[in-house]
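These notes concern the structure reproduced below.
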Amino acid sequence: MSEWIGCVFHHRSARFIKTRSLSAGTVRRKGATQAGCASEMATLAGLSMGGGAPAGDGAPGGATRGVVTGKYFNFNPLPPPPDILGNPLVVANLPTHKAPKETWRSRWQRRLARFHIGKQSAQVKRRWKMQDTISSVIASVSPSATLLGERGGSEKRPASSVPVIVVRHPYHLRHVFEMILQTPDELAAERRFLELLMGRVLRKYGEQLTQIRGSAFSFENEAREYFFAGFKLERQIKKYTSPDERFAALQAIYVNYFHGRNYYLYALLRREKLAPDNKLFMLNSRAVYFMARIGWNGELLDKPNPRSLPSREDIFFLVQRDKTVLTRYRSDQDFQRQVKAVLEAFPA
């Protein structure tokens, strides 16, 4: 190993030696030394690839080892193509006057924080993040920002401290919905306004999709269809014996449950009048439980992964906003036990 290190050092330092000062014998010794170093380096590289043999000896066709090939399970599906708007979403008359006002002390702390002066608590940083998210949503769906985005790159955008997102589907604001679910009660004012803002966005999105389709659009109906389609495929999962067919079936089930889960949340935030006898809450709970059983490699596990399950607070968030669940919970004791069992099935 010491001789190989010396060869590498000699190989790298030989570039700085002028050729004119070398004799013919030195040149021959230098060439032989470099050839020996290259041979040793190639041998060591082959041994480091594994198996004690040079790279390419055991691979078919002499291919280099270390290349990972195979299928990848998609845990973040794209929006359904029929539900994507052709033009960016524009929402006029946003309730900006109801936004929580930022105090002068908070603005001053922000300025100091830019220069890393002072210490801020985690709650203050989270409040600033929510305020920036609110400003980003307003800037993304406002008519002026959308019109500028349609013109293309011929005109420069005005300088802004918040990102502007082109919204053609609610999935483009997925991080906002996740923030609503993860916001603690200490920031209830910011969370209520963010829910109100996203409700307006979802309502306008439904209106535009209704005009495009020519029929009334409802997140409730879309969620129900996705849940039933995924459940139908789930009942047939045992019929697939081939690994490729089973992988494709699990991916199709996950995509349907993924869309159904999100559309159910959108129906609640949009405050749609759900059917009294709907079973979306139970279907959603069953779907997310099955989704947590799918491993990172696309294999179905015996038990759900606790890290993939939503928290109990997230499920309780849905219960609080689903009026049909609350109405039935007050009058039906059997349904009360079912809801309590569902809540206990998810980690606290």
Exercise. For the stretch 288-308, what are the residues that are in contact with a strand residue (DSSP E or B) (Cβ under 8 Å, 6 or more places away or on another chain), in contact (Cβ under 8 Å) with a residue 40 or more places away in the chain and under 19 Å from residue 259 (Cα atoms)?
Worked result: 294
Seminar exercise, completed: Listed by first then second residue, the pairs whose first member lies in the stretch 65-87 and is under 30 Å from residue 214 (Cα atoms), whose partner is among the acidic types (Asp, Glu) and at pLDDT below 85, with beta carbons under 8 Å and at least 6 positions apart or on separate chains, are 87/150
For this session: Collect the residues in the stretch 171-214 that are more than 15 Å from residue 128 (Cβ to Cβ) and of a type in the set (A, V, I, L, M), keeping them in residue-number order.
Result: 173, 176, 180, 181, 188, 196, 197, 198, 201, 202, 209, 212
For this session: Please find, within the stretch 74-97, the residue that is modelled with the lowest pLDDT out of those that are loosely packed, with under 11 Cβ neighbours inside 10 Å and assigned to a helix (DSSP H, G or I).
Result: 97
Exercise. Taking the stretch 149-179 only, how many residues are under 19 Å from residue 89 (Cβ atoms), of a type in the set (A, V, I, L, M, F, W, C) and either within 15 Å of the chain's Cα centre (by Cα) or at pLDDT below 90 (or both)?
Worked result: 5
For this session: Would you be able to tell me the number of residues in the stretch 158-200 that are under 12 Å from residue 85 (Cβ atoms) and not charged (D, E, K, R)?
Result: 6
For this session: Can you confirm whether the stretch 116-132 contains a residue that is under 23 Å from residue 171 (Cβ atoms), open to solvent by 80 Å² or more (accessible area, probe 1.4 Å) and at pLDDT 85 or above?
Result: yes
Exercise. Taking helices (runs of 4 or more DSSP H) that do not extend beyond the stretch 309-348, which have at least 2 residues that are over 16 Å from residue 276 (Cα atoms) and either free of Cβ contacts under 8 Å to residues at least 12 places away in the same chain or open to solvent by 70 Å² or more (accessible area, probe 1.4 Å) (or both)?
Worked result: 312-321, 333-345
For this session: Give the stretch 282-308 a look and list any residue that's under 17 Å from the mean Cα position of the chain (by Cα), of a type outside the set (Phe, Trp, Tyr) and either open to solvent by 90 Å² or more (accessible area, probe 1.4 Å) or within 18 Å of residue 223 (Cα to Cα) (or both), or say none.
Result: 288, 291, 307
For this session: Take the stretch 284-308 and flag every residue that is outside any helix (DSSP H, G or I) and hydroxyl-bearing (Ser, Thr, Tyr).
Result: 308
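The values are calculated or read from the model by the stated rules, or taken from the named source; none is laboratory data. The model shown is predicted, which means the values in this text are computed figures rather than measured ones. Virtual Cβ from ideal backbone geometry, glycine too; neighbours counted across all protein chains shown. Ligands, DNA and RNA are excluded from the accessible area calculation, which covers all protein heavy atoms including side chains. Shrake-Rupley method; radii C 1.70, N 1.55, O 1.52, S 1.80 Å.
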